[in-house]
Amino acid sequence: MKKNLLVVTMVLISMGLLAQEQKEVITGAGYADDVYYSLENGTLTTVDRANWDIAFVTQQMSVSILANNGSGVELYTYADGDIDDWATVDTAGMDWTPMYNSIETWDMGAFNANTIPGDDFDYGWGRYNMTTHTITGDSIFIIRTLADSIMKVAIVQKSAMANTWEFKYAYLDGTGEQIVPLSAATYTDKYFIHYSLDSTKFVDREPAMEDWDMLFTKYYDYNIPYIVTGVLSNDDHILAQEVRESGMDQSTHNSYVDTAFTDTISIIGSDWKTFDMGSFTYILNDTVVYYLKTDDGDSTTNSAYYKIYFTGFTGSSEGKYTFMQERLTIVSTEEHEIQNLLQVYPNPAADRINVVFDFVGRSDIDIIDMTGRLVHTTQYDASGFTNLSLDVSSLNAGVFFIRVRAEGESSVLRFIKE
């Protein structure tokens, strides 16, 4: 989200001033492609979904690593040893239970699935060192690649300060070993940089992170559980809300709750359709609409609001999504803008931190650990310049984030707990 907060105490929605438009996104026969989509500009990039195996987050303070689950890549924990046992990996009798990317947030990839709850230094594939600000790999993973190769993989380290990664992989017998450095700082305009293990090369496949809003793709939904075709959102700047009402008219529906928007990436997801085995066709749910809220890039105006609902889906024959999209006209009053004022001190902190901000209205102040887990939250009704003291003595030592949210906008700062 942008660092400016805009608090809107009253919002009026003018429906119908901007006409609904029919949109189409085509992912190809067999859903072969991923499509990155902008609510403002339409399809940005159509790219082969099966050209990568793993992907590394480019942002300095994130540790997420994805596996291409939607294309059939499978990732497993090697539980019979740690990274020091690299040369002696033996998968005989191994538990072949795959791990999957989170469908809540992009900040928890399949490689992070073993993160130890409550351990602020553990990130699933390695441990954080407060002195060096380096996450050092401690785990071995077994991966089945897109080319059906079985390999061992280890993340050697990530340097948070330099924003660099190093990882290695090889066939199980040790042949073909690759030790690969990655300067993620080169790609910080992207969310992830992708890599093909069999081709031994990086794949730069995304548009700029700020440009795309939705990804039309295939992904593994562990709540069902199986691979689905659907839509994931960009939680860097998109909030979404699903509204289901029996008997609704999708074209005229205009009721949502501004405080109920969420950055969960699978809110749109796949369950706006079902497959009918009798007719062998997809049936669309006509009692659901999705509202999207995004920063329009101008801190002096409101966020942009959109409504979408699906009207067609061809299935695997051509992978075409058809939906109606409308940008809602928002008229706001009694606005108050925070001019980038968010400060945290002392930093590092031992027992208490002070959060300084300046606005009028209700706010949520959250403390989030490096895994994206919410460890503390409080609400505050501010009446101007505020210096709020928070007790952090119960937190484990490590890196945390303070997030101040007001009316769906948020600003985040990092602090260290000693």
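Couple of notes before you dig in:
- Residues in the range 234-276 that are over 18 Å from the mean Cα position of the chain (by Cα) and part of a strand (DSSP E or B): Val243, Arg244, Lys273, Thr274, Phe275, Asp276.
- Where Ser317 falls short, out of the listed (1) surrounded by 13 or more Cβ atoms within 10 Å (Cβ to Cβ); (2) in the same structural domain as Thr287 (by TED's automatic domain parsing); (3) modelled with pLDDT of 90 or more: (1)
The rows are residues; the columns are (1) at pLDDT below 90; (2) in a strand (DSSP E or B); (3) not assigned by TED's automatic domain parsing to the domain that holds Ser64.
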residue: Ser279; (1), (2), (3): yes, no, yes
residue: Lys293; (1), (2), (3): no, yes, yes
residue: Glu326; (1), (2), (3): no, yes, yes
residue: Phe359; (1), (2), (3): yes, yes, yes
residue: Thr378; (1), (2), (3): yes, yes, yes
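- Among the residues of the range 121-138, those that are surrounded by fewer than 20 Cβ atoms within 10 Å (Cβ to Cβ) and either hydrophobic (A, V, I, L, M, F, W, C) or assigned to a loop (DSSP other than H, G, I, E, B) (or both) comprise Phe121, Met130, Thr131, Thr132, His133, Asp138.
- The set of residues from the range 15-64 being small (Gly, Ala, Ser) and within 17 Å of Asp235 (Cβ to Cβ) comprises Ser38, Ala55, Ser62, Ser64.
- Subset of the range 60-78 that is modelled with pLDDT under 95 and surrounded by fewer than 19 Cβ atoms within 10 Å (Cβ to Cβ) - its residue that is farthest from Ile193 (Cα to Cα): Met61
Rundown of residues vs (1) within 23 Å of the chain's Cα centre (by Cα); (2) among the basic types (Lys, Arg), yes/no style:
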residue: Val156; (1), (2): no, no
residue: Thr164; (1), (2): yes, no
residue: Lys168; (1), (2): no, yes
residue: Glu177; (1), (2): no, no
residue: Val180; (1), (2): no, no
residue: Thr186; (1), (2): yes, no
residue: Lys190; (1), (2): yes, yes
residue: Asp198; (1), (2): no, no
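- Those residues of the range 77-101 which are part of a helix (DSSP H, G or I) and over 28 Å from the mean Cα position of the chain (by Cα), in sequence order: Asp84, Asp85, Trp86, Ala87, Thr88
- The requirement of being within 30 Å of Leu413 (Cα to Cα) and not in a helix (DSSP H, G or I) is fulfilled somewhere in the range 46-54, by at least one residue.
- Restricting Phe261, Phe192 to residues that are under 24 Å from Arg405 (Cβ atoms), of a type outside the set (Asp, Glu) and surrounded by 20 or more Cβ atoms within 10 Å (Cβ to Cβ) narrows the list to Phe261.
- When the strands (runs of 3 or more DSSP E) confined to the range 161-215 are screened for residues that are of a type in the set (Lys, Arg), touching a residue at least 12 places away in the same chain (Cβ under 8 Å) and in contact with a strand residue (DSSP E or B) (Cβ under 8 Å, 6 or more places away or on another chain), those reaching at least 1 such residues are found at 164-171.
- Hits in the range 211-234 - residues which are modelled with pLDDT under 95 and not aromatic (Phe, Trp, Tyr): Asn223, Ile224, Pro225
The values are calculated or read from the model by the stated rules, or taken from the named source; none is laboratory data. Note that this is a predicted model, so its numbers are computed, not measured. Using ideal geometry, Cβ is built from the backbone for each residue, glycine included, and neighbour counts are taken over all protein chains shown.
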